[in-house]
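Below: one structure, written as structure tokens.
Where a number appears in this text, it was derived from the coordinates with a stated rule and is not lab data. Keep in mind that this is a model prediction, so the values were computed, not measured. Here Cβ is always computed from backbone atoms with ideal geometry, including for glycine, and neighbour counts include all displayed protein chains.
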Amino acid sequence: MTLQDADPAAPAAQLPDLTIPRPVPWGGVVPRLRASEAAHRLVPLPAAMALLDLAQRRAAARNPARLDAARAAMAAVVGGTEREADLEELALRHLSAAAHGWELMWRPRFLERMPVEGLDRLRAVEPGRGIVFSAPHYGPLVGLAALPRAVGPIDVAVGEHLAAAEAPRGYGGYQIEQSRTVIVRAGFRPVRALASARTFSRTLKDGGQVLLNFDVPGKYAVQFLGKTVDLMNGTARLAQSTDSVVVPVLPQPRGRGWVVHIDEPIDPRRHDSWQSVLQAAADVHSRLVLEAPEHLESPLRDGGWAVATRDGWRRSA
């Protein structure tokens, strides 16, 4: 869910209807069963999560490279912060985090019924102003599925994997189409991220709402998670150019469950530049992520930063 750096006045690309599911080419019985909501419901959620934890720890014991990769990811996230002392335990938890997130994606009603906290903070937003919800790649893939039910329709930027003409074969294709299903059913309006600035600008000027990912590699240096990180500036520039507010949000683990957390709005009128707005959002996301950093998607992921260590994340090597 990202916004490409682009001129808001540029024309939007001709888009396919992103709400229409694509057939997934058959990849075998096992991938189809893994992608069955009915099959997942046969196992109670607490038992499923415990089994996933056990499976991930056993896999790490058999293949130490898995734990090494998780350790490198968490070192890049918590390095230079007060959570660095917890690195080893966080690496083990990070192994389970993605598996937990996908288990919840196959149980979309859990995501859609997640409690939403902080709605009272939105009352301070002047009527008629747009809202840019800013979220990191954190927790379940569509972990904010409950948000549109609480605040109304939201335009969301989606990647090319949802805009391609054909779905991949097998389990990967089922995962992509499941994310589309959850996004649309929740009340999000998917918009292709590429050349999307004009669409989002129009929505915000009309007093609407958009959702953009915050942690996307770009060319603007920001202090994030105790280090310098190269980020895109779309969230801040879009808010400033449309006189909209930025509202940090994320799905937050709470006990054995999750909540959708809405933080204090960031008003560009109180900042002297979009750079200041971007840094203010980074400060909030740093605070929220560090409460349970194992759920942040690895900055070393495909499409992530070329270099990501405890000392900083750089877009290019």
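With R₀ set to 45 Å, the beta-carbon distance separating residue 306 from residue 181 gives a calculated FRET efficiency near 0.85.
Between residue 58 and residue 39, the simple spin-label model (points 7 angstrom out along Cα→Cβ) gives 1.8 nm. For the range 212-317, the square roots of the Cα gyration tensor eigenvalues, ordered a ≥ b ≥ c, give a/c of at least 1.5 with a/b no greater than b/c, which places it in the oblate category. With the highest mean first, a sort of the peptides 144-157, 42-55 on other beta-carbon atoms found within 10 angstrom per residue produces 144-157, 42-55. Rounded to the nearest 5, the antiparallel percentage of DSSP beta bridges internal to the range 151-228 is 20%.
A Förster distance of 45 Å, applied to the separation of the beta-carbon atoms of residue 161 and residue 276, puts the FRET efficiency at 0.85. At q = 0.10, 0.17, 0.19 Å⁻¹, what base-10 log of I(q)/I(0) does the Debye formula yield for the range 61-169 when every alpha carbon is treated as an equal point scatterer in vacuo? One equal scatterer on each Cα of the range 61-169 leads to -0.47, -1.07, -1.15. Given the rule -39500 (n - 2.57) for each run of at least 4 DSSP H residues, summed and divided by the residues of the chain, what is its mean residue ellipticity at 222 nm, to the nearest 500 deg cm²/dmol? About -12000 deg cm²/dmol. Hydrophobic long helices, here whole DSSP H runs in the chain with Kyte-Doolittle means of at least 0.5 and Cα atoms spread over 18 Å or more along the helix axis, are found at 64-78.
Using only Cα atoms, locate the centre of the range 198-219 and the centre of the range 48-123, then give the distance between them in Å, rounded to an integer. Rounded to whole Å, the Cα centres lie 27 Å apart. For the pair residue 316 and residue 20 in one chain, pulling the backbone fully straight at 0.36 nm per residue adds 103.0 nm over the alpha carbon distance.
Which residue, 198, 71, 32, has the most motion in a Gaussian network model of the chain that connects Cα atoms within less than 10 Å? Residue with maximal mean-square fluctuation among 198, 71, 32: 32. The alpha-carbon atoms of the range 38-117 define a convex hull whose volume equals 116 cubic angstrom per residue.
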